[in-house]
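Below is one structure, written out as structure tokens, with a few remarks after it.
The values are calculated or read from the model by the stated rules, or taken from the named source; none is laboratory data. All values reported here derive from a predicted model rather than from experimental measurement. Quick reminder, even Gly has a Cβ in these numbers, built from the backbone with ideal geometry, and neighbours come from all protein chains shown.
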Amino acid sequence: MTNIFHYDDYRMYVRDAIAKKQTDSVRKLSLRSIAYKMDLSPAYLSTVMNKKKHLSVDTALKVAEWLDLTATETEYLTGMIQVTHETDNLKIGKIQKRLDGLAHSHRRKKVDAPNFDKILDLNHISTLVLMSGAHSNVNASDLTKILDLPLTEAEKILSSLAQHGLIKLVDHKYVRSENCSHLLQSAAPSAAIRTFYKQMLDRSKWAIDNLPMQDRIVGTETIILDASQVTEAESIIEECFNRITALSQEAKFKNNVYVLGIQLCKLTSGNL
């Protein structure tokens, strides 16, 4: 599958995505037939793929439909095209931040849960996120003030993250080894991941009792879903995560860490 979020030039993505569809198709797809389905002339589509012309935003929606793009992928494609037509630098910068946020959430480094069992803790994750923002260089003393931790706990966190290669010591301060998020995968139930989610929920309960309303957003809804709708619901939840991740990229002061948790849990024990 051609990942649109790995592209900075949408025309190269369109070229590669079309080539992939042609390769995967049971029957031969000519560029002429593809252009017809996109409501474009073959010559125009060819010039776009050769980086000589740009698509319009309206045309992008037709291309996205033919390529079966998700809503987030369509937003990314449309945004890349908007940048090529926009002349206002402020607007370009805003669109680019949104694109960076969407891309960031889809450029996760995949890792196996067993490799993270010793560091999958809410304070470990908070430390990594902080080091991607205003606090890009920290030592144990800094961490105690930022996260309100004992010095020994801060030292333990930094040592563990360094041991796993996620941060490194540079001029007496720790910095991130790579600025990417991580997508944890586990083929079997993971005690570390369960512990992390429990910590997140405990922190949310603490926030309800201790934080003012302006520092937290809490809501709940009890609903009925057919089992066949769960996959679609999962896609909607992922879309929500992606949009808020994109919003975070526009933060003017990246010095506060929030935890975003969406729980869709079955309340009934069986089916009638």
Yes/no for VAL230 being over 16 Å from THR72 (Cα atoms), surrounded by 14 or more Cβ atoms within 10 Å (Cβ to Cβ) and at pLDDT 85 or above: no
Select from segment 111-128 the residues that are touching a Phe, Trp or Tyr at 6+ places or on another chain (Cβ under 8 Å) and at pLDDT 85 or above and list them in ascending order. ASP121, LEU122, ILE125
Within segment 113-150, how many residues turn out to be more than 26 Å from PHE253 (Cβ to Cβ) and surrounded by fewer than 16 Cβ atoms within 10 Å (Cβ to Cβ)? 5
Which pairs have Cβ atoms under 7 Å, sit 6 or more apart or on different chains, and link a residue in segment 231-257 that is small (Gly, Ala, Ser) to one that is part of a helix (DSSP H, G or I)? ALA246/ARG98; ALA246/GLY101; ALA246/LEU102; SER248/GLY101
Could you run through segment 201-222 and say how many residues are in contact with a helix residue (DSSP H, G or I) (Cβ under 9 Å, 6 or more places away or on another chain), among the aliphatic types (A, V, I, L, M) and at pLDDT 90 or above? 1
Residues that are modelled with pLDDT of 90 or more, part of a loop (DSSP other than H, G, I, E, B) and not charged (D, E, K, R): does segment 176-184 have at least one? no
Checked segment 245-272 for anything loosely packed, with under 13 Cβ neighbours inside 10 Å and either part of a helix (DSSP H, G or I) or in the same structural domain as LEU130 (by TED's automatic domain parsing) (or both); matches are LEU247
Would you check if there is a residue in segment 145-167 being within 27 Å of ASP100 (Cα to Cα), in a loop (DSSP other than H, G, I, E, B) and touching a Ser or Thr at 6+ places or on another chain (Cβ under 7 Å)? yes
I'm trying to understand the selection: among the residues of segment 1-25, which are surrounded by fewer than 19 Cβ atoms within 10 Å (Cβ to Cβ), part of a helix (DSSP H, G or I) and of a type in the set (A, V, I, L, M, F, W, C)? PHE5, MET12, ALA19
Regarding THR152, is this residue modelled with pLDDT of 90 or more and within 27 Å of ILE262 (Cα to Cα)? no
Being in a helix (DSSP H, G or I) and hydrophobic (A, V, I, L, M, F, W, C) is the filter; apply it to segment 199-232 and report the residue that is nearest to ASP121 (Cα to Cα). MET200
Pull up segment 67-102, narrow it to residues that are part of a loop (DSSP other than H, G, I, E, B) and among the hydroxyl-bearing types (Ser, Thr, Tyr), then point me to the one that is modelled with the highest pLDDT. THR87
If I ask for residues that are at pLDDT 90 or above and either under 21 Å from THR245 (Cβ atoms) or crowded, with 18+ Cβ neighbours inside 10 Å (or both), which ones from segment 50-65 would you list? LEU55, VAL63, ALA64
Over segment 29-66, the set of residues charged (D, E, K, R) and in a helix (DSSP H, G or I) is ARG32, LYS37, ASP58, LYS62, GLU65
